[in-house]
Amino acid sequence: MASIISSFIILFLILQDSCYCFRSPLSVFKRYQESPSTLSNGCSGPTRPVMSPDSSDFTLDVRMPGVTPTESDTYLCKSYPLPLKDEAYVVDFRPHANMDTTHHMLLFGCGSPASNEEYWDCGAGPCTDKSSIMYAWARNAPPTKLPKGVGFKVGGNSGIKHLVLQVHYGDAKAFQDKHKDCTGVTVQITPERQPLIAGIYLLMSMDTVIPPGEKAVYADIACQYEKPTMHPFAYRVHTHQLGQVVSGYRIRNGKWAPIGRQSPQLPQAFYPVEDPLEVRPGDILAARCVFTGQGRTSSTYIGGTSSDEMCNLYIMYYMDAAHASSYMTCVRNGDPKLFQHIPEIANIPIPVSPDMMMHHGHHNDLKEPEARNIQKQPKREEEEVLDQGYHLEEDIDWPGVNLNLGQVSGLALDGNNNLVIFHRGDHVWDANSFDGKYVYQQRGIGPIEESTILVVNPNSSAILHSTGRNLFYLPHGLTVDGDGNFWVTDVALHQVFKLGPYGAPLLTLGVAFQPGSDRRHFCQPTDVAVDPITGNFYVADGYCNSRIVQYSPHGVFIMQWGEETSLRVAKPGEFSIPHSLAMIPDHGQLCVADRENGRIQCFQAETGRFVKEIKHKEFGSKVFAISYISGGILFAVNGKSYLDSMPVQGFVMNYSLGEILSSFVPVRKTFDMPHDIVSSEEGTVFVGDAHADIVWKFSPSEIDEHRSVKKDGFEVEEITETEILETHVRTRPKSNTTAKEQHHEQAKQTMIPQNKIGVPLILIITLLIIPVVVLVAIAIFIRWRKGRIYGGDVEHKSEPSSGGILGKLRGKGTGGLNLGTFFASHKGYSRKGFDRLSTEGSDQEKDDDDGSDSEEEYSAPTIPPVPVSSS
């Protein structure tokens, strides 16, 4: 017995040591190379400046030293001496913080910190001398990188010898588990002289009071600027829970020029100034914070706790190095007479849904187990439905194809699911419609005399209602909002209209027949989208402008984004005819059919931040129109192009993944120029053609039970459950149980070992098996030797063992233990060489000698200078 135990221990040690042979040397080296040094307090991060391998720049990790606040609204400071004597410049800030624990974070530059302790209560302030704010963070804001040639001057004669980190910790309940916090920021510092010096101008209210229950309370700050000329390039807003919008302006000669406007409930990052401007001596800098007291039972004051409020606007600017000031403040209340002239947009709150707040978060510091748990979350029901496929077929019995229409430019569905058609009657957009400056040349024929907006029954195509006589010249886009209002565009008038359900004009934007690119003018606007949650609306502008313009529900300009495509491969945010818009309400996003770039671009609706691009070679070089329905389905139609031979067709896509689920074409006739598309929540799709003057109807068809589909270039045969059951029935012996019961029993038997046998048990079983294997091997060897010596048939009798214990250890026996798969499934071991096809994304891997073309997204070539199709 003792000898068996000794053998067991020796084998255990051998096995334990041999486990490391399964670890990829490359992965070990990579982990060693990437692992950060650990501070004595348990926080991970470099303890010294980290030099850049290809320049003289270095980074400095400025973090809290593993603190555990015990009270809510604790302010703590930590000082870091700068490791340099000569002047240098801070050019990049990368935060390491999470709003779940950190209310906000500030980074100060100062000559002497307020304390020499490892960290201290910041009630007495961060510095003994002048403190200059260099960086601010809150609400999971992303990193901030300064423009090229701009930096915050430190060291040398700047007066800044220390960086002091101040962290405001909110609710102490976040530290009930007593964990150590290492919130902070990594700064990049360069000794290269920067020609432009960065600084912060802070406008801050000191005495605002918000009465309980008040719907709107304004906090105004304004100061006259007297320093050398500065150039604002970024701004950041900050309030606590009651803030709805913060706006900043430069006032010169009575004119208010916007610096920035944002909701403080979004990530409080430094957002870029949209329209570059300069601030000269004599100008006034002004800010307004809009609060609400609704939900409070007592007055709220300016203060340092989470239940108090703040009204701060940080302006990040640069100045010429010879006259630079690094930090300026304004705390003076604004003159009420001055603020009588503030633009109305400053008083309009920016609605922010909880969904948007969550999606804006940047949780880059998630620990690996947490990230894994997120990846393992089950699919939503609609995603499982999408995985099954989605097919459309033309409804050949629908009589709507026989409607007497002009060029069909826009489609929509109203609240009753009736189809709304926008068409051009007897007017046609052709080569003679506009001159070289986009001015309409056929005003003399007058507006379209017949009804241009038709409301028809989606089943019988009977016209239920019509409007739009003598209003339009060249209709284009159409949207119907939740109140039944029609939002339309006219490319000849260069205008956007909001009409009531019976055609009464409610709102007109743009100047008739005058193309332009400022806030008062459009140039052939193409489409409108209305946010059902906020009421804000968006205009795609258009054929001769390359922008998306955002307005409040009452038509007040909010912001715009986008620019003309400049290179062969279009960048995010560049457009070549933004032709169609689709709101994605469940994601707070707006998608744009970027027509001549052959792609779909999606943005955060409230901020214009680029989210993603959807582009497939099947699109060809044009995408004309898109439509979205809840549940994650996006529809699109492409168009003809002389640049490629892709067929003109419609597409059904999984919005989340951007994958094409299926395509569709009409049976009667063919698509000529499918100009717009609209879909009902039930999945019925209508397509309007501007050249064929037809509206087609497509309905969902039943999903084939057995079909072959292509996924990333691999042919995948999808087998139905019936076929799987039939296979099991054929291979298993007959019994009194049904095939279905046998199937479930087998599935149960297969799942039990995976679900109930943990790693320790597998190790124990392995260790118990090894001595048996050794004994069997010795016995086999002895019998084989005897057989060789005495001529017996032992060799024949030992053959079954190849599929027994030894076979199972090698992974050959049925249900055997594959050691490669076992070790590869644990942290620290590379899967390379084991179970390659089960790794994520392996269906996209190719051998090194595979010379086939990539299946990645297709990039359309640059469009030669030829006349653009007139629709």
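The values are calculated or read from the model by the stated rules, or taken from the named source; none is laboratory data. Quantities reported herein were computed from a predicted structural model and do not represent experimental measurements. Positions of Cβ are backbone-derived with ideal geometry, glycine not excepted, and every protein chain shown enters the neighbour counts. The protein model used for the area step is the full one, side chains on, heavy atoms only, and it has no ligands, DNA or RNA in it. Shrake-Rupley method; radii C 1.70, N 1.55, O 1.52, S 1.80 Å.
Okay, here's what the table says:
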read-out: For S409, net neighbour charge (Lys/Arg +1, Asp/Glu -1) across residues whose Cβ lies under 12 Å away; value: -4
read-out: Segment 171-234 shape via C-alpha gyration tensor axes, a/c threshold 1.5; value: oblate
read-out: Förster radius 22 Å - calculated FRET efficiency between E214 and D171 (Cβ-Cβ, nearest 0.05); value: 0.30
read-out: Residue-count net charge about Y301 - beta-carbon cut-off 13 Å; Lys, Arg +1, Asp, Glu -1; value: -2
read-out: Full-stretch length increase - Q224, Y119 - with 0.36 nm per residue and alpha-carbon distance subtracted; value: 34.0 nm
read-out: Qualifying trypsin sites (Lys or Arg not before Pro) for segment 386-485 [loop in DSSP, other Cβ within 10 Å: at most 14]; value: K437
read-out: Share of carbon and sulfur in the accessible heavy-atom surface of segment 124-274 [1.4 Å probe, %]; value: 50
read-out: Cleavage-rule hits, GluC sites (Glu not before Pro), segment 73-142, DSSP coil, Cβ neighbours within 10 Å at most 12; value: E117, E118
read-out: Sites matching GluC sites (Glu not before Pro) across segment 150-259 that sit in DSSP coil, with at most 14 neighbouring C-beta atoms within 10 Å; value: E192, E226
read-out: Förster radius 30 Å - calculated FRET efficiency between T59 and S325 (Cβ-Cβ, nearest 0.05); value: 0.70
read-out: Alpha carbon centroid spacing (whole Å) that separates segment 179-195 from segment 630-669; value: 47
